[in-house]
1. Cβ-Cβ below 8 Å, separation at least six or inter-chain, first residue in segment 63-85 and modelled with pLDDT under 95, second within 12 Å of the ligand (Cβ to nearest atom): which pairs?
2. Looking at segment 44-69, which of the residues that are surrounded by fewer than 17 Cβ atoms within 10 Å (Cβ to Cβ) and touching a strand residue (DSSP E or B) at 6+ places or on another chain (Cβ under 8 Å) is nearest to residue 114 (Cα to Cα)?
3. Counting only residues that are more than 30 Å from residue 84 (Cβ to Cβ) and exposed (fewer than 10 other Cβ atoms within 10 Å of the Cβ), which one in segment 187-198 is modelled with the lowest pLDDT?
4. Kindly establish whether residue 124 is among the small types (Gly, Ala, Ser) and free of Cβ contacts under 8 Å to residues at least 40 places away in the same chain.
5. Answer yes or no: is there a residue in segment 23-46 that is in a strand (DSSP E or B), under 18 Å from the mean Cα position of the chain (by Cα) and either in contact (Cβ under 8 Å) with a residue 40 or more places away in the chain or more than 19 Å from residue 169 (Cα to Cα) (or both).
6. Under 6 Å between Cβ atoms, at least 6 apart or on separate chains: pull out the pairs that start in segment 151-171 with a residue that is of a type in the set (Phe, Trp, Tyr) and end on any residue that is modelled with pLDDT under 95 and not in a loop (DSSP other than H, G, I, E, B).
7. Among the residues of segment 70-82, write down those that are buried (at least 19 other Cβ atoms within 10 Å of the Cβ) and more than 13 Å from the ligand (Cβ to nearest atom).
8. Considering only segment 91-100, I want to know if a residue exists there that is buried (at least 21 other Cβ atoms within 10 Å of the Cβ), touching a helix residue (DSSP H, G or I) at 6+ places or on another chain (Cβ under 9 Å) and not small (Gly, Ala, Ser).
Amino acid sequence: MSRLAITIAPISEIHATRWSPRSFDATAELTREAVTASLEAARWAPSANNVQPWRFVVGFRGDETFETIAANLMSFNTAWAPQASALVVNIAHTSDAEGKENTYALYDLGQAVAHFSLQATHDGLFTHQMGGINRDELAVAFNVPAGFSVVSVTAVGSLGAPDALPQVLAEREVAPRTRIELDEIVSYGPIETVAAAA
Ligand SMILES: Cc1cc2nc3c(=O)[nH]c(=O)nc-3n(C[C@H](O)[C@H](O)[C@H](O)COP(=O)(O)O)c2cc1C
């Protein structure tokens with residue numbers, strides 16, 4: 001079944017084909033070189049005042065960093081994410097040494113992760129971001145300094161077969177991909193109605 005985004009105007013192939021699988025090929029391996037382009041794309045994302053408030057901790061399946069990240073996934077993420085080839089902890093620099101908050105830090109980190117994901121798609125890889133993680137434990141494990149916050153983890157790898165997943169997740173893997181309609185999220189003047197959350 002096609003995972004392609006359905007749009008009313010054509011979008012780039014990378015945007016149309018990116019999706020977040022849970023079935024990763026547990027035999028596929030990635031090298032540092034193979035994810036460097038994605039990390040470079042993240043590095044070159046725009047950010048407020050170009051402060052680049054992001055840091056990334058990268059583990060490859062089989063190494064200690066990966067094991068630590070995998071041990072700090074929450075609930076159902078543990079059922080699938082450890083099969084990915086790499087796990088990346090996404091960290092925001094939320095306040096400086098004087099405690100001054102960067103109100104754009106999370107926005108900018110999300111943008112960097114989006115750039116990472118799209119470059120990975122371009123390179124034939126699949127990504128799946130997760131908020132279901134033990135943030136505090138990851139911060140301690142990776143010596144994350146004060147002023148920085150662990151926000152999410154991205155699984156990276158090659159696509160696996162849906163039926164390699166537990167049944168509930170296998171069903172989700174092939175369920176239609178959905179989005180709120182464009183006219184519910186875009187206004188060309190004052191917003192007249194508040195669209196109900198999906
Ligand atoms: C910040 C963030 C947190 C997410 N957390 C989880 C998660 O903990 N577990 C999970 O399976 N998917 C998680 N997702 C994936 C979303 O559910 C997924 O991106 C969304 O359903 C859209 O699907 P698509 O990426 O295939 O278009 C998360 C995505 C984002 C951006």
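The values are calculated or read from the model by the stated rules, or taken from the named source; none is laboratory data. Remember, it's a predicted structure, so these values are computed and weren't measured experimentally. No Cβ is skipped: glycine too gets one built from the backbone with ideal geometry, and neighbour counts run over all protein chains shown.
1. These pairs meet every condition: 75/132; 76/132; 76/169.
2. Looking at the filtered set, the residue picked out is 51.
3. The extreme case among them is 196.
4. Answer is yes for this residue.
5. Yes.
6. Every condition considered, no pair remains.
7. Keep residues of segment 70-82 that are buried (at least 19 other Cβ atoms within 10 Å of the Cβ), which gives 70, 72-73, 77, 80-81.
Within segment 70-82, 70 is the sole residue that qualifies.
8. Yes.
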